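Have a look at the structure below, then the notes.
What follows is calculated from the coordinates using simple rules that are stated; it is not laboratory data. All of these numbers come straight from a predicted model, not from anything done at the bench. Cβ placement follows ideal geometry from the backbone for every residue including glycine, while neighbour counts extend to all protein chains displayed.
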Amino acid sequence: MSLGFKNAGFELLAAYDNWQPALDVYKCNFDSPAFLRDLSDESVVDEISALRPDVIIGGPPCQDFSQAGKRSEGGGRAILTVRYGEIIAECRPKLIVMENVPRVRTSKAMESIRTLLKDCGYGLTGRVLDASRCGVPQARKRFFLVGCLGADDEFLGEILDANLANHQMTIREYLGDSLGTDYYFRIPRSYDRRAIFSIDEPAMTMRGVDRPIPPNYKLHPNDAAPLNEARCLTPKERSRIQTFPEEFEFFGTKTDVNQMIGNAVPVNMAEYVARAILEYFEGGADALC
């Protein structure tokens, strides 16, 4: 999210997270400060308010809503999603952006956030966007809620819809032949699904797991190629499909790096939303101030 908005021309004031490995990587790649904080701590609101941000962007934890999770709001993470809305209500920036999985739209947490933000005077636009139509070679769908003080609901909808590409971007379109393979293996959530894909299609959603090809894997009828023509993608390659630039550095344990890459908002997808906001204001980032 941060890199996408920075690429669009926004100035980054600060970042907040409660996971030290992610903060270490952030500090290595950005000049703006990053703080280890629990967002449920009331003092965080004072810190953020003191920065006087024009925009607050964030992706509260999605595990309680994700297809890969238990799909239950009783897991505890949904509370942080609501807390994100409460922080916005207290800080009252001109603009807010929240990203999450599509299932969040029908959650009690989202109902609470919408009510809270509407009571504060925010006009709201909600969209499920397909990353492969936002400059990302990946068929990853995510929900974005964008709010603007004093605006009408759906204020950004027309721009978000109009700028979508008319086709899904493939891996080859974005990375050319740099992977050195035409096919790759992705561990499926269920072996009732295919696991071998072509780079001439959008990638499946990059996940926070990195496992070798099982020695007893049986070819699925819909696999794109024989097993001996495919290989697993490296963490760096998966980060490139997430549209992180080559020079962006990930480090830490294998588990941490995979989780960071898999959980990230694709850079170009965040930039797509950021540029739509700037187009709405016409004068660019300076028009927000």
Check: If Lys and Arg each add +1 and Asp and Glu each add -1, what is the summed charge of the other residues whose beta carbon sits under 12 Å from the beta carbon of PRO266?
Finding: +3
Notebook entry, point to check: Any idea what the relative contact order of segment 2-166 is, in percent, if you count C-alpha pairs under 8 Å spaced at least 6 apart?
Noted result: 17
Checklist line | Cβ-derived FRET efficiency at R0 30 Å, GLU47 paired with GLU247, nearest 0.05 | finding: 0.50
Notebook entry, point to check: Between ASP31 and ASN216, how many nm apart are label points set 7 Å from Cα along the C-beta direction?
Noted result: 5.6
Check: Out of VAL273, THR170, TYR84, whose Cα points farthest toward the positive end of the dipole of the chain (charges: +1 Lys, Arg; -1 Asp, Glu; placed on Cβ)?
Finding: THR170
Notebook entry, point to check: Where does the charge balance sit around LEU116 when Lys and Arg score +1, Asp and Glu -1, over other residues with C-beta under 14 Å from its C-beta?
Noted result: +1
Note to self: What number results when the radius of gyration of the chain, computed over Cα atoms, is divided by 2.2 N^0.38 Å?
What the structure shows: 1.02
Next item on the list: Count the lysine pairs in the chain whose Cα atoms sit under 28 Å apart, keeping only pairs 8 or more residues apart in sequence or on different chains.
Entry: 25
Check: Mind checking which of PRO188, PRO214, PRO33 has the largest fluctuation in a GNM of the chain, springs on alpha carbons under 10 Å?
Finding: PRO214
Note to self: Could you give each residue of segment 226-234 its phi-based ³J(HN,Hα) in whole Hz, using Karplus coefficients 6.51, -1.76, 1.60 with θ = phi - 60°, and x for Gly or Pro?
What the structure shows: x, 4, 6, 9, 10, 8, 6, 7, 7
Item checked: Full-stretch length increase - ARG193, ASN228 - with 0.36 nm per residue and alpha-carbon distance subtracted -> 10.8 nm
Check: Taking amide H positions as placed 1.01 Å from N in the peptide plane, with prolines and chain starts having none, which residues 5 or more places from ILE57, or on another chain, fall under 5 Å of its amide H?
Finding: VAL97
Check: ARG92 to GLU282: extension gain in nm, 0.36 nm per residue of separation minus the Cα-Cα distance?
Finding: 66.2 nm
